[in-house]
Amino acid sequence: MGTVDLRDADRACGAKAWHLGVLLRAGLPVPDGVVVTGPVTPDRLRSSPAAALLDAPVAVRSSAPGEDGPDASFAGQLETELGVRGAQDVAAAVARCSSSARSARVLAYAARSGSALPERVPVIVQRLVAAEASGVLVTRHPTTGERVTVVEATWGLGPSVVDGAVVPDTTTVSEEGTVSTRLGDKATRLDLAPDGLVSTAVGDDDRRRPCLPDALALTLAGMGRRCEALLGGPVDVEWAVAGGRVWLLQARPMTALPVAGAPRSVARAPSPGPPVVTGTGSSGGVATGPVRVVRDVDGFSAVRRGDVLVCRTTDPAWTPLFRVVAAVVTETGGLLSHASIVAREVGIPAVVGATGALEVLVDGALATVDGDRGVVTPEEDGR
């Protein structure tokens, strides 16, 4: 087993670790960690530089060559485990994250993107930030390409945003420093408890107030611009706030970035009349197809090419469906969730945060999804 201090990580440690090493060497706030570059055992961990991390909860994340690249993000495809503690459990988590490069979903994504991964990949073991609020920022608008910083935020740990489990607050910071926020419905939060991660309901008062003050939004926008300069282009950055301090957890190039001001492609105009469902357009374009309501993985077999996938949320196991369906509609999630990123990479329209979609949209009925306007409209079935 080899280990590399995260501060010293280079390209051989995989893109995720290398990017964090670049940020650390520039003085940006990244939690301490190491990169494990080979097979691991608990005893080897105890006698390595990782030993200093083992008594507190850590985050264990893959750092594959080709992952977090400018052409293929592999967003959410490889394993991440949070709140792991102790040599035995950390060694097991490292092994699972490393070998996840050979999972069926990763192989399918790699085949589509043309970015193959090795059988085993380096793994980051990093101090876990017990976040009071967290989320993702990008330094260009992901659907228009405008030069603004977009920050999505929620209470607790970041998977609520990246996995699309909530409708996050969305804050936009202009180049001139103007801050505007659209409140989301932060219905649940994920936190670290003594026995692991726990999801709890968010009270009404916290659901209705922003979890990111303007001053912190401006701080994050400034850090995003520094990351952009260091990594050489627009970036997607995961962040967390604890005790009023901002931490940067991941940074990668943005993928599928549109050209600002370019005309939006429209497959066909939607039917006139009010939309049945509204949400956030997170991947542009327009597509029409039969609605396929899928509530869990047991419904995957019903999905056919050209369907409009309608679901509460998606996790990485759902990614293969994105290569089959014509469009995606989810009840939760935001612009910067894994589902939205993959939809933009695949090039299909997506509407997220579409409250009530599962009840309103009828399985088998035709619908048009407008990923530019964030609306879903019924169609008369003329088949």
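For the stretch 14-49, taking the residues that are of a type in the set (Gly, Ala, Ser) and at pLDDT below 95, the one that is surrounded by the most Cβ atoms within 10 Å (Cβ to Cβ) is identified as GLY14.
Test ALA339 against the stated conditions and say whether it is of a type outside the set (Ser, Thr, Tyr) and under 23 Å from the mean Cα position of the chain (by Cα). Yes, satisfied.
Could you tell me which of the residues ASP5, ASP43, ASP10 is under 19 Å from ASP89 (Cα atoms) and out of contact with any His (no Cβ under 9 Å at 6 or more places or on another chain)? None of the other options fit; the residue is ASP43.
Across the stretch 94-101, a minimum of one residue is classified as hydrophobic (A, V, I, L, M, F, W, C), at pLDDT 95 or above and crowded, with 24+ Cβ neighbours inside 10 Å.
Looking only at the stretch 7-23, residues that are under 22 Å from the mean Cα position of the chain (by Cα) and outside any loop (DSSP other than H, G, I, E, B) come to 10 in all.
The residues listed here are ARG208, ARG140; of these, the one that is among the basic types (Lys, Arg) and modelled with pLDDT under 95 is ARG208. Does at least one position in the stretch 219-233 carry a residue that is assigned to a strand (DSSP E or B), at pLDDT 95 or above and of a type in the set (Gly, Ala, Ser)? For the stretch 219-233, residues assigned to a strand (DSSP E or B), at pLDDT 95 or above and of a type in the set (Gly, Ala, Ser): absent. On inspection, ARG105 does not qualify as at pLDDT 95 or above, touching a helix residue (DSSP H, G or I) at 6+ places or on another chain (Cβ under 8 Å), surrounded by fewer than 21 Cβ atoms within 10 Å (Cβ to Cβ) and charged (D, E, K, R). Taking the conditions exactly as written (surrounded by fewer than 20 Cβ atoms within 10 Å (Cβ to Cβ), at pLDDT 95 or above and more than 26 Å from GLU175 (Cβ to Cβ)), does GLY273 satisfy them or not? Judged against the criteria, GLY273 is not a match.
Scanning the stretch 24-52 for residues that are touching a strand residue (DSSP E or B) at 6+ places or on another chain (Cβ under 6 Å) and part of a helix (DSSP H, G or I) returns PRO49, ALA50.
A single entry from VAL148, VAL246 fulfils the requirement of being within 27 Å of LEU20 (Cα to Cα) and either touching a residue at least 40 places away in the same chain (Cβ under 8 Å) or not aliphatic (A, V, I, L, M) (or both): VAL246. Of all the numbered requirements in (1) surrounded by fewer than 19 Cβ atoms within 10 Å (Cβ to Cβ); (2) in contact (Cβ under 8 Å) with a residue 24 or more places away in the chain; (3) of a type in the set (A, V, I, L, M), ALA354 misses one, and that requirement is (1). Scanning the stretch 154-184 for residues that are under 15 Å from THR280 (Cα atoms), surrounded by 18 or more Cβ atoms within 10 Å (Cβ to Cβ) and free of Cβ contacts under 8 Å to residues at least 60 places away in the same chain gives ASP169, THR171, THR181. Considering ASP363, ASP307, the condition of being over 16 Å from PRO168 (Cα atoms), of a type in the set (D, E, K, R) and in contact with a Gly (Cβ under 7 Å, 6 or more places away or on another chain) is satisfied by ASP307 alone.
Residue-by-condition table, conditions (1) of a type outside the set (A, V, I, L, M); (2) part of a helix (DSSP H, G or I); (3) under 30 Å from ALA50 (Cβ atoms); (4) touching a helix residue (DSSP H, G or I) at 6+ places or on another chain (Cβ under 9 Å):
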residue: VAL136; (1), (2), (3), (4): no, no, yes, yes
residue: HIS141; (1), (2), (3), (4): yes, no, no, no
residue: THR144; (1), (2), (3), (4): yes, no, no, no
residue: ARG147; (1), (2), (3), (4): yes, no, no, no
residue: VAL151; (1), (2), (3), (4): no, no, no, yes
residue: LEU192; (1), (2), (3), (4): no, no, yes, no
residue: SER199; (1), (2), (3), (4): yes, no, yes, yes
residue: ALA215; (1), (2), (3), (4): no, yes, no, no
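The values are calculated or read from the model by the stated rules, or taken from the named source; none is laboratory data. Keep in mind that what you see is a predicted model, and the values were worked out from it rather than measured. We place every Cβ from the backbone using ideal geometry, glycine too, and count neighbours over all the protein chains shown.
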